[in-house]
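The values are calculated or read from the model by the stated rules, or taken from the named source; none is laboratory data. Owing to the predicted nature of the structure, the values given are computational and were not obtained by experimental measurement. In this analysis, Cβ positions are derived from the backbone assuming ideal geometry, glycine residues included, and neighbour counts consider all displayed protein chains.
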Amino acid sequence: MSIDKNKSVALVLAAGPWGILGLDKFYVGQPELGVIQFVLSITIIGLFVSVPWAALSTIALLFVIYRGSSFMYGDVNWADTTDTDKIIGYIVIGLLIISALSGGAKRVNCFKRRRMEEEEEFK
């Protein structure tokens, strides 16, 4: 008898830095994928694969919670979706939006600083 997996635990494992290491794959019973993602994540070149993979896993788990989708996680025995799962999903979405906006603001500030430095050089 298999144990039903908690969606919010899988989401937290996928969304955090643990997602890059593939720990969410181990939790949901996909150790082969977890090992592949872990090995990729410990190499610099492999990070170019495991970071987007973790992001895709996070998005897929959000779809599992809100839409009942089975994309990437079709063979997992999930526990029923609870209000806690949905709340944690909203928190993860909010954190993703905040991190995207703050990263964009840093790029804009960096661009402005570089432009000001160039203008100073021409004076």
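The table below gives the values:
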| quantity | calculated |
| --- | --- |
| Among residues of the stretch 9-38, those that are part of a helix (DSSP H, G or I) and farther than 22 Å from residue 75 by Cβ, counted | 2 |
| Within the stretch 70-91, tally of residues that are in contact (Cβ under 8 Å) with a residue 24 or more places away in the chain, touching a helix residue (DSSP H, G or I) at 6+ places or on another chain (Cβ under 9 Å), closer than 18 Å to residue 27 by Cα and of a type outside the set (D, E, K, R) | 7 |
| Subset of the stretch 69-123 that is polar (S, T, N, Q), modelled with pLDDT of 80 or more and part of a helix (DSSP H, G or I) - its residue that is nearest to residue 4 (Cα to Cα) | 84 |
| Answer residue from the stretch 1-20, given it is under 21 Å from residue 47 (Cβ atoms) and surrounded by 20 or more Cβ atoms within 10 Å (Cβ to Cβ) and is nearest to the chain's Cα centre (by Cα) among those | 15 |
| In the stretch 1-41, residue nearest to residue 99 (Cα to Cα) [restricted to those that are among the aliphatic types (A, V, I, L, M) and modelled with pLDDT under 90] | 3 |
| Residues of the stretch 29-63 classified as closer than 16 Å to residue 88 by Cβ and touching a helix residue (DSSP H, G or I) at 6+ places or on another chain (Cβ under 6 Å), total | 4 |
| Pair list, Cβ < 7 Å and 6+ apart or interchain, from the stretch 42-69 residues that are more than 16 Å from residue 30 (Cβ to Cβ) to residues that are among the charged types (D, E, K, R) and at pLDDT 90 or above | 65/7; 65/85; 65/86 |
| Test: residue in the stretch 41-50 that is within 14 Å of residue 8 (Cα to Cα) and either of a type outside the set (Ser, Thr, Tyr) or outside any helix (DSSP H, G or I) (or both) | no |
